[in-house]
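Structure first, commentary second.
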Amino acid sequence: MIRPPRKSVAEILALRGKRPIVMLRVESLDEAAAAEAAGIDIVSVPPALLIDPRYREVAPTLFSIPGLDFFDVGTSDDFVRWAFSMLKASADAIYCSASNETVRRLASEYVPVCGHVGLIPSRRTWTGGYVAVGKTLESAQLVWRQVRALEEAGAFAAEIEVVPEPIAAAIMKKTSLLLISMGAGTGGHAQYLFADDVLGQNTGHVPRHSKIYRNFNAEYDRLQRERVAAFKEYAADVNGGAYPEERHKVPVTDEVVERFSDWLEGQ
């Protein structure tokens, strides 16, 4: 079967306003394969997953954006080298929360860049920690300036995180960027959630904007109980002589055993 090609940046941008764009954070081959089968438009992926040769086997058409916090990559030069390695490994764009100078440097090398505005976890100290941004006039103006700066630096998209929906929606109408809403309501061209939250396997803080569609943690707990029970039964069988049974043993004729025993006596 001939698979359709992955969408280009131009094709992703052309979807703005035509229909909502769906984005997920996936962190395993199983999640990537499920996103592919479900028709998810865009995924954020750990770089280690993207470079796995099996990734494109299970996710051939997913528009994939790897990302690291800027302090895990380094300087602008480091970012360019890292971005090139990601593109070579089949990335469709690069996430970058570093300076606008770094975004500009990447864009000058024709690297498609997705930036970040609003609550930026790697820069949260400047906006008060893990709190919403844009609830005051001054902070809403800050979000707009962040968007304009990314436009001017050459980014094609930006994640807009934990910003009031009316503020994000007003910005969305005035920007050329693809705005990806994470906790900004419908104030984005795309909606973005983590697979961990969607699947109910997040064991930490569950963000307000998350929606849980399955309860994988309950299933994992059930499987762990079954795992412990199976191990106990196995240990009991070994200690009680119920394992191994005859069907688990390699067959051999009595003649071979007798001749080997005779031979072994002489060694």
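Every number in this text was worked out from the coordinates using simple rules, so none of it is lab data. Everything numeric in this text was worked out from a predicted model, so none of it was measured. Methodologically, a virtual Cβ is constructed for each residue, glycine included, from the backbone with ideal geometry; neighbour enumeration extends over all protein chains shown.
Taking 0.36 nm per residue of separation and subtracting the Cα-Cα distance, full extension of the segment from VAL22 to SER261 would add 79.0 nm. Centre-to-centre, using Cα atoms only, region 87-123 and region 131-185 are separated by 16 Å. GNM on the chain, alpha-carbon springs under 10 angstrom: the most fluctuating residue among GLY204, GLY128, GLY39 is GLY204. Multiplying the residue separation of SER85 and TYR234 by 0.36 nm and removing their Cα-Cα distance gives an extension gain of 48.9 nm. Across region 109-267, Cα-Cα pairs farther apart than 20 Å form 67% of the total.
Note that region 241-257 has calculated 3J(HN,Hα) couplings of x, 7, 10, x, 8, 4, 5, 8, 9, 6, x, 8, 6, 4, 4, 5, 4 Hz, one per residue in order, obtained from phi through the Karplus relation 6.51 cos²θ - 1.76 cosθ + 1.60 (θ = phi - 60°); glycine and proline are x. The convex hull of the Cα atoms of region 1-146, projected and averaged over all directions, covers 10.1 nm².
Taking trypsin sites (Lys or Arg not before Pro) as exposed when DSSP calls them loop (any state but H, G, I, E, B) and at most 15 other Cβ atoms lie within 10 Å, what is the longest stretch of the chain free of them, the sites themselves excluded?
The longest uninterrupted stretch comes out as 55-134.
Projecting the Cα atoms of ALA35, ALA157, ALA91 onto the dipole axis of the chain, where Lys and Arg carry +1 and Asp and Glu carry -1 at the beta carbon, places ALA157 farthest toward the positive end. Against the chain, whose longest principal axis comes from its Cα atoms, helix 137-153 is set at around 80 degrees. For the chain, the 222 nm mean residue ellipticity estimated from helices alone, with every DSSP H stretch of n ≥ 4 adding -39500 (n - 2.57) and the total spread over all residues, rounds to -12500 deg cm²/dmol. A convex hull fitted to the Cα coordinates of region 219-265 yields 112 cubic angstrom per residue.
Between ALA10 and ILE212, the simple spin-label model (points 7 angstrom out along Cα→Cβ) gives 4.5 nm.
Averaging Cα coordinates gives a centre for region 1-32 and one for region 191-267; these two points are 37 Å apart.
Give the calculated FRET efficiency between ALA37 and VAL131 to the nearest 0.05, with a Förster radius of 35 Å applied to their Cβ-Cβ distance.
0.45
Rounded, prolate or oblate: which fits region 117-158 when a ≥ b ≥ c are the square roots of the eigenvalues of the alpha-carbon gyration tensor, with rounded for a/c under 1.5 and prolate only if a/b beats b/c? Here region 117-158 falls in the oblate category. Shown here for region 105-204: chymotrypsin sites (Phe, Trp or Tyr not before Pro) in loop regions (DSSP other than H, G, I, E, B) with at most 15 other Cβ atoms within 10 Å, namely TYR110, TYR130. For region 195-267, the set of chymotrypsin sites (Phe, Trp or Tyr not before Pro) satisfying both a DSSP loop assignment and a count of at most 15 other C-beta atoms within 10 Å is given as TYR213. The dipole here belongs to region 99-205: it is taken about the Cα centre, uses +1 on the Cβ of Lys and Arg and -1 on the Cβ of Asp and Glu, and is about 280 debye. A Cβ-based charge dipole, computed about the Cα centre of region 9-214 with Lys and Arg at +1 and Asp and Glu at -1, lands at about 640 debye. When the charge dipole of region 219-265 is built from unit charges on Cβ atoms (+1 for Lys and Arg, -1 for Asp and Glu) and taken about the Cα centre, the candidate among ALA235, VAL256, TYR220 whose Cα reaches farthest toward its positive end is TYR220.
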